[in-house]
1. Using Cα centres only, tell me the gap between region A:312-358 and region A:207-226 in whole Å.
2. Would you kindly state how much longer the chain becomes between B:ALA301 and B:PHE262 on full extension, computed as 0.36 nm times their sequence separation minus their alpha carbon distance, in nm to one decimal?
3. Among the listed pairs A:LYS101/A:LYS423; A:LYS392/A:LYS507; A:LYS92/A:LYS203; B:LYS305/B:LYS389, give every one whose C-alpha distance is greater than 29 Å.
4. I'd like the per residue volume of the convex hull spanned by the Cα atoms of region B:89-219, given in cubic angstrom.
5. Just how many % of Cα pairs in region B:102-166 lie over 14 Å apart, if you round to the nearest whole percent?
6. Please report Rg over Rh for region A:361-515, where both radii come from the alpha carbon positions and Rh follows the Kirkwood definition.
7. Using a Förster radius of 30 Å, what is the FRET efficiency between A:LYS552 and A:ARG200 based on their Cβ-Cβ separation? Nearest 0.05, please.
8. Skipping prolines and chain starts, which residues have an amide H placed within reach, meaning under 5 Å, of the one on A:SER428, given they are 5 or more residues away or on another chain?
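The values are calculated or read from the model by the stated rules, or taken from the named source; none is laboratory data. Fair warning: this is a prediction, and the values are worked out from it, not measured in the lab. All Cβ positions, glycine included, derive from the backbone under ideal geometry; neighbour counts span all protein chains shown. Ligands, DNA and RNA are stripped out before the accessible areas are found, and what is left, the full protein with its side chains, is counted by its heavy atoms. Shrake-Rupley method; radii C 1.70, N 1.55, O 1.52, S 1.80 Å.
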Amino acid sequence: MDLEEAKEFRERCSQCAAVSWGLTDEGKYYCTSCHNVTEISKEVISTAAIPNTKINAINRGLKKKRKFEKGWDWYVCEGFQYILYHQAEALKTLGVGPELKDEVLHNFWKRYLQKSKQAYCKNPVHTTRRKAKVLEDNLCHSDWASELELLSEADGPLESGTEVQSDFEIPTHFPITKAAQSEAASVCSGSLDGVEYSERKEKGIVKMTVPRTLAFCYLSLLWQRETITLSDLLRFVEEGHIPYINAFQLFPEEMKLYGRDKGIFAIESWPNYEEIYKSMIEIATFLDLPRFPEVTEGCYLHPNILCMKYLLEVNLPDEMHGLTCQVVKMTGIGEVDFLTFDPIAKMKKTVKYDVQALAVIVVVLKLLFLLDDNLEWSYSDLAEAYNEEHKKDKPWFDFRKWYQIMKKTFDEKKQKWEEARAKYVWKSERPLYHSHIDKPVVYKRREMVVNLQKQFSMLVDPTPVVEKKGPSSFQFNWTEEGTDRTCFHGHSLQGVFIKKGHSLITKNSLYWLSTQKFCKSYCKHVTTYEESNFSLSYQFILNIFSFLLRIKTSVLHEEVSLIEKKLFKKKYSEAKKNSSGSKKVRR
Amino acid sequence: MPRRPSRRRCETDVSDFSEELRKPVTEDEQMETSMLSAKGMHFPWLQKQLETVVTGGKKKKDFAQTTRTCLSFIQDALLKHQWQQAAEYMHSYLQTLEDWDSYKKQAAPEIIWKLGSEILFYHPKSNMETFNTFADRMKNIGVLNYLKISLQHALYLLHHGMLEEANRTLSQAETWRYGEKSSSQEILINLVQAYKGLLEYYAWSKKKMELSKIDEDDYAFTTKSRNMLSQSWKTSVNFCALIKTPGVWDLFVKSYVEMLEFYGDQDGAREVLTNYAYDEKFPSNPNAHIYLYNFLKREKAPRAKLISVLKILYDIVPSHTLMLEFHMLLRKSEKEEHRKLGLAVLFGVLDFAGCTKNITAWTYLAKYLKQILMVNHLSWVQEEWKSRKNWWPTFHFSHFWAKSDWKEDSDLACEKALVAGLLLGKGYRYFRYISKQDHEILRKKIKRMKKSVKKYSITNPVV
């Protein structure tokens, strides 16, 4: 950390043969070009002198700051642009049409820069003094990167002459130089506006964050009506198919990140469904987007198609699809107006397509089997007996058997998932540090960790690592040969229907509501999910279904309640009239 | 004067900063408590709740969550002796060394050292070399762990019988310095030195053993004994610093005293032991008094001195085996006060479940009770008995005990019966049961017992 102090040490570095030494805070020499730390330490003559030298070192370091961190001048929004660019590229390799990147996301981002007054407007928050070369290396083949430059520069002349015009330039830099300097020592960043950006708080502006890049991606997917739901997107992120955690690693080497940039670009959590969903609506409103392309019956996001997909995924009989379609029709959740996202409309709400489809399946299961920990088992007895006698016929759907298989499969899957999470490598090869002062310390740590990891990986059996599965919107394959898992897709629902006249009606004529009374206060959630109040079958189904989407069970429960609210509209209004509504509703 | 405050601000900033880099030593202690909760017993639900309290209800980062799960997987694997799997998870757990939470980052090296050394200790593919590399790497992560890990590394080597290597590791640690000596560093350095001393003691006592086998007239004897002499001087330096710091240093004190005594430095040994037992800064430690007592006994110190030492031990551990010796000392004392205490000591010993079958204690008590009652000190007995009469009958003198004592050890039964008779009268079931037994050898004894009870029992109406 102090080159002056290290001058007397003239040996060549054992790793890169350079003679360029600094001192770590432990008083050891380290090579400033390859960060190799020697075992040789500087003799400390008097311990009393240490505090002073420390201060000197920091002061001297300050002056040299720019020399240390020579890199490109870049703005925070460019960083996000890089991330978006790579995310869009990843989506393209996942099979999404190229228009998403070149048209939709590009336009959304342009609009965002404009709305947040960062570019494409008359007085952007910062003038762009640097040359366009910053981005050309990586992005020149796609025109949308450098456009930001051109546009803001073209707009520039209106403000010509004034170099710094920013509205956010808080006059903190005026008073006493010493204070400013000490502030700069602890508050700095590799980007030009990192410090300013992290302190910026303006009403009405949605600030970019790393999670919000995913909201942008999802908005574009939704606009394109692509076959990727939000839960799919987030799962792909977690599986590493889309850059997100440590996405800053993809920045060119010359874009230095440290100090405040760390708080902006470093992420230590996987994206959360609810959070991204909320930011997506927030961003769409902020961008003032028009009504999205309509979600019609032929679209992947239509509940009928998604229900089909999820019935396959959770290993339920195909025959159930007819019933889910009926529920969709009765509740009106298949209507175009209901499904299409319209940010300008009064009720700024969109549909959680994936959650909703699974909720429909839950409702159908409740209609068929009641799921009161009683009826489903007695139906299972009947099915078992029938299947025993008619071994050659199409088997009846046996709930118990399904439960056993699903339980086992999901438990295994969950275990594997948890193990994979526990083994996840969070730390980037390009460590982030607060300032150039602790840079050698951080790099030394990194090297230590790498060495230790090498040591422990030698103890692990070199068993061939299970090949990484390619991205898929399906997590299970029930028709796979060679497994002992039964596939229930072809099973029949005959056992739970009786003939009445010319039509079949369900044997079960009872139903219970997941939510009796909806919360109408301002707390924003309409229902709560207290697990122990519900039957074990219901708990089980909510658990595995929500695991499928990697969401909280309460989210699915809420969606089930909302569908029931639409399905039993009458019952709810009755219940309102005579508040002592019976728990079970007769259909 | 706007300059002043600004300068002050600058200074505090800098000091904050260097503190951050340097890592304050005070947090060292917190680290230990966190380790305790990581491996010790805990209510799982309570821990979860506590975590949310700490983070103020804020959602924990997934990084924190997964590394936590990773830790529990490692612990699980260690428990099941799945070293391979543990190593696999360890690979990911090493990330905690780079945790952005500076508190966790500081705690990480110690956790990793403990888990890692455990894995490397047992893993079939691991060897001495791997372990040493690991230890050396861990020592140099941060500055706080060097001494602690060196010490444990040395213990590991000792465990494997590699005394020389252990000694080398300790010597290295001994000369290691970082910045100004802090208090926590000092005690660790003292410990390192003391362990070095212990190793030297080991070598010394081995030589002593050899020496005891050689004839004194042998020409080898003189050179060997001279060798030993120089060694003890070195060792004493090593022990000195540590045993002056408050703490429990039994092993070191014992070795040190043994060496001092061997070379005839009785005064030195006495001083060490006295200091170890009586210095108020030291935690209460029964062994300190035992060592001192044994030393004084060897020295043939006056009875009063011995009594005063054991009196303290009596206050700390009234059930200690030395209490019987204490009783004998008190019994012989001229002071009435001492003789009274002698009775209390015996009762005290027998209050403990572990001593109920101690025949010596019962014999002493029976004899002493009789003796005291003969000289009409009824009040002494009553005083002791008052607090025990509610529970001793069922604790010692139930019918069940009478039967089983008689079956297992009739001598013990006889002694107990006498005590029971003296305290509870001849009508009491224990006494009655034993006195009815017919035993050829003990017949005489039982007869004598009956007589004593008839004469001296405290239940007798006062004449």
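1. If we compute the Cα centre of each part, the gap is 21 Å.
2. Working it through step by step, the gained length comes to 12.2 nm.
3. A:LYS101/A:LYS423; A:LYS92/A:LYS203; B:LYS305/B:LYS389
4. 131
5. Tail fraction, whole percent: 55.
6. Radius of gyration relative to Kirkwood radius: 1.24.
7. Approximately 0.40, to the nearest 0.05.
8. HN-HN under 5 Å from A:SER428: empty list.
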